[in-house]
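The values are calculated or read from the model by the stated rules, or taken from the named source; none is laboratory data. What you are looking at is a predicted structure, and each value in this text was computed from that prediction instead of being measured. Cβ: placed from backbone, ideal geometry, glycine included. Neighbour counts: every protein chain shown.
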Amino acid sequence: MGEPEQLRDGAEQRSFDSTEQEIALFRRRLMGWYRSHARDLPWRGVDDPYRTWVSEVMLQQTRVAAVLEHYERFLRAFPTLVALALAPESAVLAAWSGLGYYRRARMLHKAAKFILRERGGVLPATSAELRTLPGVGEYTSAAIASIAFGESIAVVDGNVERVLLRITGRDEEGTAAGRAFVQTQAALLVPKRKVTGTINAAGDHNQAMMELGATICLPRAPLCLQCPLYAMCRTRGEHITPKKRGQRSMPAAYLLSLRKRGTLTEVLLERRPVDASLMAGMYELPPLPQDAVAGREPLLRLRHSITNTNYYVQVFAPRGTEDRALRRAVLAAKSDLFWTRTNRLAQEPLTGLARKVLQRLNVMEVTPLRLPESAAAVPR
């Protein structure tokens, strides 16, 4: 751990102000740190806007380690925007399975089809045009426009917001005024020049801001003495944040039913309704009512979290031919139940929980995860 920067360069401790000199100093210190400490991630330094788009959609509300596991696999299945647009939705969901927030995959697929149909397969190059695509909001359009095309526009995610609140000494409010303040500060700091030669000033700045929040300016116990902006920060530590809602706890039970077909093994899966509010059309193990499993010993217990709910999951397997009660307890219609070969599970659009259970019970093969050195298991 090095000394704080204000001691190394002999400058006085100072607060951040939006003067030209302070902004120039902020950018210089941030970029000097980023060039030396940025993680080596597969979506950085690419010259294909499609790959940037895929990575930015995957990284929303998702940890870097989880995206690393899916990014290359997804691009092997759909190496170009055209390949994605022409693929069936079920194949896209299967490649996305395990990342969660499946609406992102559906919107990515829908947008690819729109681009192929309406724009000749060419991704728009400005944030304003990108906003016209299905599922592309303010953050994603700004990220793609700056990182892939060099547009001088600020990108504000949770990491950037945290950095700016601490630098300016402002508490987190969760209000429209608070969000507007952060957006204004971010816009002041982003370089105005676009791509010059190999230098993408705005894109590199935005990635550096997100990297600082992901690896140094952490939500808890920030590494302040390693921060290149320590001397400019008014907070130097954690800032006041609104109290978050507590996690809910819910029980959940599922059936694991296997059968042999010659040398092949099949597992019974249930397809969620196409109009379901969550994970529509995805495949899961058939849910069981709680009264059907009372007094039974589960084959597996685990916890699975989705947004603000912890599901305490129990998985039950029929034992012997006489134990048909569990199968009869499944509430789904026969038309929604499918026997699926276990060697094809990786190609099916499974829910994250189904994938976790099937891998934990060795019904489905686990693909080893290879992490680049220093890739932190934090969002972005």
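Exactly one residue out of LEU302, LEU269 is on the phi < 0 side of the Ramachandran plot, surrounded by fewer than 18 Cβ atoms within 10 Å (Cβ to Cβ) and in a strand (DSSP E or B): that is LEU302. Count of region 223-277 residues, restricted to those that are closer than 17 Å to ARG166 by Cα and of a type outside the set (Phe, Trp, Tyr), is 19. Can you name the residue in region 74-89 that is surrounded by 14 or more Cβ atoms within 10 Å (Cβ to Cβ) and under 24 Å from LEU278 (Cα atoms) and, of all such residues, is nearest to the chain's Cα centre (by Cα)? Result: PHE74.
Among the listed residues VAL67, VAL54, identify the single one that is modelled with pLDDT of 95 or more and within 29 Å of LYS356 (Cα to Cα).
Step by step, each of VAL67, VAL54 is checked, and only VAL54 is modelled with pLDDT of 95 or more and within 29 Å of LYS356 (Cα to Cα).
Residues in region 287-297: is at least one surrounded by 13 or more Cβ atoms within 10 Å (Cβ to Cβ), of a type in the set (Gly, Ala, Ser), in contact (Cβ under 8 Å) with a residue 24 or more places away in the chain and within 28 Å of LEU99 (Cβ to Cβ)? Please lay out each step first, then the result.
Filtering region 287-297 down to residues surrounded by 13 or more Cβ atoms within 10 Å (Cβ to Cβ) leaves 287-288, 292-293, 296.
Narrowing the set further to residues that are of a type in the set (Gly, Ala, Ser) leaves 292.
Filter once more, so that each one left must be in contact (Cβ under 8 Å) with a residue 24 or more places away in the chain: 292.
So of that shortlist, the ones also within 28 Å of LEU99 (Cβ to Cβ) come out as none.
Checked region 287-297: no residue is surrounded by 13 or more Cβ atoms within 10 Å (Cβ to Cβ), of a type in the set (Gly, Ala, Ser), in contact (Cβ under 8 Å) with a residue 24 or more places away in the chain and within 28 Å of LEU99 (Cβ to Cβ).
Without any contact (Cβ under 8 Å) to a residue 40 or more places away in the chain and more than 18 Å from ARG104 (Cα to Cα), is that true of ARG76? So ARG76 passes the test.
Identify the residue in region 303-354 that is of a type in the set (Asp, Glu) and out of contact with any Leu (no Cβ under 8 Å at 6 or more places or on another chain) and, among all such residues, is farthest from PRO287 (Cα to Cα).
GLU322
Candidates in region 332-367 are the residues that are more than 27 Å from the chain's Cα centre (by Cα) and outside any helix (DSSP H, G or I); of these, the one that is nearest to THR263 (Cα to Cα) is ARG341. The sole residue among ALA276, ALA280 that is in a loop (DSSP other than H, G, I, E, B), surrounded by fewer than 14 Cβ atoms within 10 Å (Cβ to Cβ) and among the hydrophobic types (A, V, I, L, M, F, W, C) is ALA276.
Report whether or not TRP33 is part of a loop (DSSP other than H, G, I, E, B) and either at pLDDT 90 or above or crowded, with 20+ Cβ neighbours inside 10 Å (or both). Spell out the reasoning first.
On the way: part of a loop (DSSP other than H, G, I, E, B): no; either at pLDDT 90 or above or crowded, with 20+ Cβ neighbours inside 10 Å (or both): yes.
Here the answer is no, as TRP33 does not meet what is asked.
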